[in-house]
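The values are calculated or read from the model by the stated rules, or taken from the named source; none is laboratory data. Please read these numbers as outputs of a predicted model, since none were measured by experiment. Cβ sites come from the backbone with ideal geometry, for glycine too, and all protein chains shown count toward neighbours. Heads up: the accessible areas ignore ligands, DNA and RNA and are worked out on the full protein's heavy atoms, side chains in. Shrake-Rupley method; radii C 1.70, N 1.55, O 1.52, S 1.80 Å.
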Amino acid sequence: MSPTVKLLINGEFVESSTREWRDVVNPATQEVLARVPFATADEVSQAIASAKQAFKTWRKTPIGTRARIFLKYQQLIRDNMKPLAALLTAEQGKTLADAEGDIFRGLEVVEHAASIGNLQLGEYAENVAGGVDTYTVQQPLGVCAGITPFNFPAMIPLWMFPMAIATGNTFVLKPSEQDPMVTMRLVELALEAGIPPGVLNVVHGGPEVVNALCDHPDIKAVSFVGSTRVGTHVYQRATLNGKRAQCMMGAKNHAIVLPDANKEQALNQLVGAAFGAAGQRCMALSVAILVGEARDWIPELVAKAKTLSVGAGKDNPDLGPVISQAAKERIHGLIGKGVEQGARLELDGRNVMVKGFESGNFVGPTLFSGVKPGMALYEQEVFGPVLCVMEAATLDEAIDIINANPNGNGTAIFTQSGAAARRFQEDIDVGQVGINVPIPVPVPLFSFTGSRASKLGDLGPYGKQVVLFYTQTKTVTSRWFDDAASSGKVNTTISLR
Ligand code: NAD
């Protein structure tokens with residue numbers, strides 16, 4: 001019998017009493033690594049109740065105490081980087097090098113949480129009226145919840161609970177049921193760093209657990225990262241229940257390649273960003289628009305894609321497997337549709353075989369040219385190693401294509417022209433823009449700022465925006481009577497006197 005993944009309730013790792021379980025499967029081998037429970041309604045309520053109780057004291061815990069936990073936590077993550085990456089690779093499939101990247105991008109948020117003393121500051125204005133001052137404090141909300149996807153099982157949970165907890169909230173996390181093990185290891189390390197019982201809780205499960213988190217009156221805010229379909233549902237359900245919600249969702253990220261780009265660099269960056277992590281990144285570049293003479297670069301693009309190695313993540317190839325057999329079948333289906341709908345299949349990754357891992361969910365780099373809006377391949381997020389190449393005569397035409405696409409997660413331009421890059425930056429309607437940078441995910445000094453159909457809610461995860469998301473601004477207007485200044489008259493007007 002494989003080991004079971006535990007729930008975390010009130011500081012204890014407990015076995016779920018549910019009868020509904022799901023296997024956690026190694027995508028390279030189909031080995032069952034563990035079984036994850038779908039928590040019962042009662043277990044979800046217990047987790048929320050424990051967070052509610054813990055909030056009473058945690059909200060008053062001094063800034064320095066909160067910050068020091070995250071100082072210790074970042075060191076524990078660093079010390080455990082190799083075993084964490086190995087676990088992540090085993091259950092998620094990505095290469096070891098990329099697994100370390102996944103953990104590292106989360107670690108940066110933990111480091112940021114350690115500087116919470118500088119981030120959660122209020123404002124003060126003296127003499128807003130004679131002898132009257134106004135100041136603001138950023139107070140924690142209460143119990144917050146996080147729901148995370150399979151593709152970054154370290155980074156995305158770390159986008160959420162460290163900042164929520166550092167700002168004085170308590171938290172209930174619902175990790176992806178496809179790869180919850182590395183998330184649980186990170187949670188164990190968080191407790192080891194000193195997070196008190198009840199401040200962080202974990203429940204596992206699917207739609208029922210997520211709905212319970214969206215409905216429960218004691219949850220004040222919900223952070224979600226995942227697909228557009230589920231994120232839209234979570235946003236609607238949580239906000240209908242009066243909660244704050246932020247949902248970071250699906251994407252279709254385009255890169256424009258101008259003919260004056262540094263060709264070698266641009267093609268390398270494009271291939272890395274399209275096929276890295278087997279295309280399972282919300283910021284993967286899945287569409288390249290070649291402009292003008294850059295349209296002649298397709299053979300070189302294909303040649304570069306062909307050089308990539310596919311294999312088990314633990315052997316550090318260029319691409320590991322996709323998450324599940326179902327995901328592989330879906331990707332195969334969309335490739336088939338692309339052919340059917342008239343796109344030119346320049347490179348077909350459907351029949352890739354990896355020696356020694358014959359049952360792995362491998363899909364090799366796949367490249368289509370002649371892709372047009374309306375094709376299923378273009379309209380849907382493939383979330384696999386498939387690059388769609390489109391063509392445009394001018395930069396304006398390329399910008400129009402991107403702005404007509406509903407998604408707004410990320411985009412990039414490759415050019416040596418400052419003027420072209422500047423125009424792109426100004427006119428493109430996408431929340432995260434790269435200039436000769438293929439995956440422009442901001443570091444936590446800034447916030448993740450996907451836009452349009454890729455995001456619901458005004459404030460992004462991590463960075464300054466998330467401090468506002470996880471806190472309520474309270475303004476205090478105060479006057480201390482000075483005997484000499486007091487007029488002694490009744491003021492029946494709205495004016496401050
Ligand atoms: P998903 O939407 O299937 O799952 C996300 C979470 O929602 C999981 O915890 C899952 O258990 C839960 N869930 C699934 N179905 C549900 C339902 N019907 N009702 C309620 N909850 C449900 O996403 P995924 O496949 O795990 O992740 C891939 C997706 O996430 C891609 O679309 C990708 O673009 C997106 N993503 C976006 C970002 C971003 O920052 N914008 C980052 C990473 C991933």
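Data for the structure
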{"quantity": "Qualifying residue in segment 139-147 (condition: surrounded by fewer than 24 Cβ atoms within 10 Å (Cβ to Cβ), in contact with a Leu (Cβ under 9 Å, 6 or more places away or on another chain) and among the hydrophobic types (A, V, I, L, M, F, W, C))", "calculated": "no"}
{"quantity": "Exclusive hit being open to solvent by less than 50 Å² (accessible area, probe 1.4 Å) and either closer than 22 Å to residue 148 by Cα or free of Cβ contacts under 8 Å to residues at least 40 places away in the same chain (or both), set 464, 489, 455", "calculated": "455"}
{"quantity": "Residue ID - nearest to the ligand (Cβ to nearest atom), chosen from residues in segment 185-196 that are more than 19 Å from the chain's Cα centre (by Cα) and crowded, with 22+ Cβ neighbours inside 10 Å", "calculated": "190"}
{"quantity": "Pair list, Cβ under 8 Å, 6 or more apart: segment 123-143 residue at positive phi, other residue among the hydroxyl-bearing types (Ser, Thr, Tyr)", "calculated": "142/170"}
{"quantity": "Every pair of residues 6+ apart whose Cβ atoms lie under 9 Å, when the first sits in segment 355-376 and is on the phi > 0 side of the Ramachandran plot while the second is in a loop (DSSP other than H, G, I, E, B)", "calculated": "356/311; 356/312; 370/342; 370/343; 374/341"}
{"quantity": "Counted residues, segment 27-54 - those being of a type in the set (A, V, I, L, M) and closer than 17 Å to residue 213 by Cα", "calculated": "7"}
{"quantity": "Number of positions in segment 225-247 that are assigned to a strand (DSSP E or B), open to solvent by 10 Å² or more (accessible area, probe 1.4 Å) and within 10 Å of the ligand (Cβ to nearest atom)", "calculated": "1"}
{"quantity": "Sole exception among (1) more than 16 Å from the ligand (Cβ to nearest atom); (2) modelled with pLDDT of 95 or more for residue 441, by number", "calculated": "(1)"}
{"quantity": "Some residue of segment 201-212 being within 25 Å of residue 81 (Cβ to Cβ) and in a loop (DSSP other than H, G, I, E, B)", "calculated": "yes"}
{"quantity": "Residue match in segment 61-84 (condition: over 25 Å from the mean Cα position of the chain (by Cα), open to solvent by 50 Å² or more (accessible area, probe 1.4 Å) and without any contact (Cβ under 8 Å) to a residue 40 or more places away in the chain)", "calculated": "yes"}
{"quantity": "Segment 413-437, residues that are within 16 Å of the ligand (Cβ to nearest atom) and either surrounded by 20 or more Cβ atoms within 10 Å (Cβ to Cβ) or of a type in the set (Gly, Ala, Ser) (or both)", "calculated": "430, 431, 432, 434"}
{"quantity": "Candidates 250, 279, 292, filtered to the one that is more than 30 Å from residue 144 (Cα to Cα) and within 14 Å of the ligand (Cβ to nearest atom)", "calculated": "279"}
{"quantity": "Segment 248-304 - residue that is of a type outside the set (A, V, I, L, M) and part of a loop (DSSP other than H, G, I, E, B) and, of those, nearest to residue 328 (Cα to Cα)", "calculated": "280"}
{"quantity": "Given (1) surrounded by fewer than 22 Cβ atoms within 10 Å (Cβ to Cβ); (2) farther than 30 Å from residue 356 by Cβ, index of the condition residue 29 fails", "calculated": "(2)"}
{"quantity": "Pairs where the first residue, in segment 315-326, is within 15 Å of the ligand (Cβ to nearest atom) and the second is open to solvent by 20 Å² or more (accessible area, probe 1.4 Å) and at pLDDT 95 or above, C-beta under 6 Å, 6+ apart", "calculated": "322/328; 323/150; 323/178"}
{"quantity": "Residue selected from segment 351-392 under the condition touching a Gly at 6+ places or on another chain (Cβ under 6 Å) and farther than 30 Å from residue 292 by Cα, by the criterion surrounded by the fewest Cβ atoms within 10 Å (Cβ to Cβ)", "calculated": "352"}
{"quantity": "Failed item, numbered, when residue 207 is tested on (1) more than 17 Å from the chain's Cα centre (by Cα); (2) closer than 25 Å to residue 92 by Cβ; (3) crowded, with 24+ Cβ neighbours inside 10 Å", "calculated": "(3)"}
{"quantity": "The listed residue being among the β-branched types (Val, Ile, Thr), closer than 11 Å to residue 44 by Cβ, surrounded by 20 or more Cβ atoms within 10 Å (Cβ to Cβ) and out of contact with any His (no Cβ under 8 Å at 6 or more places or on another chain), out of 172, 199, 182", "calculated": "172"}
{"quantity": "Qualifying residue in segment 56-67 (condition: among the hydroxyl-bearing types (Ser, Thr, Tyr), under 23 Å from residue 191 (Cα atoms) and outside any helix (DSSP H, G or I))", "calculated": "yes"}
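Results for (1) touching a Phe, Trp or Tyr at 6+ places or on another chain (Cβ under 9 Å); (2) of a type in the set (Asp, Glu); (3) away from the ligand (no atom under 16 Å from the Cβ), shown as yes or no for each residue.
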site: 106; (1), (2), (3): yes, no, no
site: 112; (1), (2), (3): yes, no, yes
site: 133; (1), (2), (3): yes, yes, yes
site: 150; (1), (2), (3): no, no, no
site: 153; (1), (2), (3): no, no, no
site: 160; (1), (2), (3): yes, no, no
site: 171; (1), (2), (3): yes, no, no
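Each row is one residue, and each column tells you yes or no for (1) open to solvent by less than 20 Å² (accessible area, probe 1.4 Å); (2) more than 16 Å from the ligand (Cβ to nearest atom); (3) more than 30 Å from residue 177 (Cβ to Cβ).
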site	(1), (2), (3)
331	yes, no, no
346	no, yes, yes
349	yes, yes, no
398	yes, yes, yes
